[in-house]
Structures are given as structure tokens and as C-alpha cells.
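To start, the structure itself, in C-alpha cells.
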Amino acid sequence: MSVKCLDELLVSMFLDDELAPGERKRVETHLETCIHCRELVGQRETENIHIKEMFKTPPTPDLVPAVMKRLRTPGPLNYRRLLATAASILLAVFLFILLFLMAPTNPGAGEKQVILCSAQVDGQEVQSHIYESTRPDIRFIWLEKEK
């Protein structure tokens with residue numbers, strides 16, 4: 001009859017003395033014969049010792065006030081991220097309008113290239129373009145910096 005090895009939860013409960021007496025005896029019996037589980041229990045015991053040692057060192061007296069001050073102080077706005085998000089939303093709206101609302105009714109209308117919008121990003125002029133063909137497998141969308 002093969003005995004199932006211990007899982008992490010059972011090892012943790014064993015080390016924290018949270019097992020019922022019968023279950024604890026079963027684990028101890030298994031540890032007598034299973035090298036792998038003994039090593040696992042040894043590793044977790046070492047980790048527990050290191051964790052307890054870390055909590056013996058008290059935090060510096062100014063830690064809590066410093067953390068609370070940082071939580072109350074609003075951080076600087078990230079204007080690049082805000083600008084990029086706004087540009088992405090505008091691009092999505094223009095693409096929706098161009099592709100779905102202004103789609104040509106004549107399927108043989110040919111190929112076209114359209115500049116969707118221009119915007120200033122980090123002091124540089126950026127344009128979004130779309131190239132579309134009557135063939136459904138050809139469609140390009142790209143951004144281009146003006147020089």
C-alpha cells in the first residue's frame with residue numbers, strides 16, 4: 001500500500017501544530033520513511049525561522065508617519081500617459097467613423113489612403129494614416145512623425 005506524500009498545506013499545519021492528534025501521528029509516521037517529505041518539512045522549518053527573525057527587528061519610529069504622509073500626498077500626473085490615452089481614444093473614434101459609418105457602398109470604389117488625424121505628441125507632429133483596398137485582405141494603419 002503506497003502512502004501519499006504530504007502537500008504544502010499539511011506541512012504548514014504540521015509545523016504550526018494545527019493537526020488533530022491522529023493526523024499528526026500519521027504525518028510523523030510518514031516522515032520516518034519519506035526522505036522527500038522530511039526535506040520539505042526541514043525547508044519550511046528553516047523558512048519559518050527566518051520569517052520570525054525578520055519580525056524581531058522593530059521598524060524605525062518614523063516609518064509609519066512617513067508612509068502615511070506619502071499616502072496623503074498626491075503624486076504628479078503622468079501627462080505622457082494621459083496624452084497617449086487621449087490620442088488612442090481619438091484614433092479609435094476616427095477609425096470607427098471612417099470604417100463603419102463612412103464605408104463606401106460601392107465595393108469596386110478602388111483604393112484609398114486617408115490621413116485620419118494629426119496631433120502633437122511630445123512636441124512632434126504625428127499623423128495617423130489608413131490605406132484600404134477593395135480587396136479585403138489589404139488594410140494598413142500606421143502612425144507617422146512629420147520631420
- Message: For the stretch 96-116, give me each residue that is surrounded by 10 or more Cβ atoms within 10 Å (Cβ to Cβ) and either at pLDDT 65 or above or assigned to a helix (DSSP H, G or I) (or both).
- Response: Phe96, Ile97, Leu98, Leu99
- Please verify whether the stretch 57-71 includes one or more residues that are of a type in the set (D, E, K, R) and either surrounded by 11 or more Cβ atoms within 10 Å (Cβ to Cβ) or closer than 30 Å to Gln127 by Cα (or both). no
- Message: Yes or no: the stretch 78-95 includes at least one residue that is open to solvent by 80 Å² or more (accessible area, probe 1.4 Å), over 30 Å from Asp122 (Cα atoms) and either in a loop (DSSP other than H, G, I, E, B) or modelled with pLDDT of 80 or more (or both).
- Response: no
- Note on the structure: Filter the stretch 16-51 for residues that are surrounded by 15 or more Cβ atoms within 10 Å (Cβ to Cβ) and more than 12 Å from Cys5 (Cα to Cα); the one that is farthest from the chain's Cα centre (by Cα) is Leu19
- Would it be correct to say that Thr46 is outside any loop (DSSP other than H, G, I, E, B) and either hydroxyl-bearing (Ser, Thr, Tyr) or at positive phi (or both)? yes
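The values are calculated or read from the model by the stated rules, or taken from the named source; none is laboratory data. Fair warning: this is a prediction, and the values are worked out from it, not measured in the lab. Cβ: placed from backbone, ideal geometry, glycine included. Neighbour counts: every protein chain shown. Ligands, DNA and RNA are stripped out before the accessible areas are found, and what is left, the full protein with its side chains, is counted by its heavy atoms. Shrake-Rupley method; radii C 1.70, N 1.55, O 1.52, S 1.80 Å.
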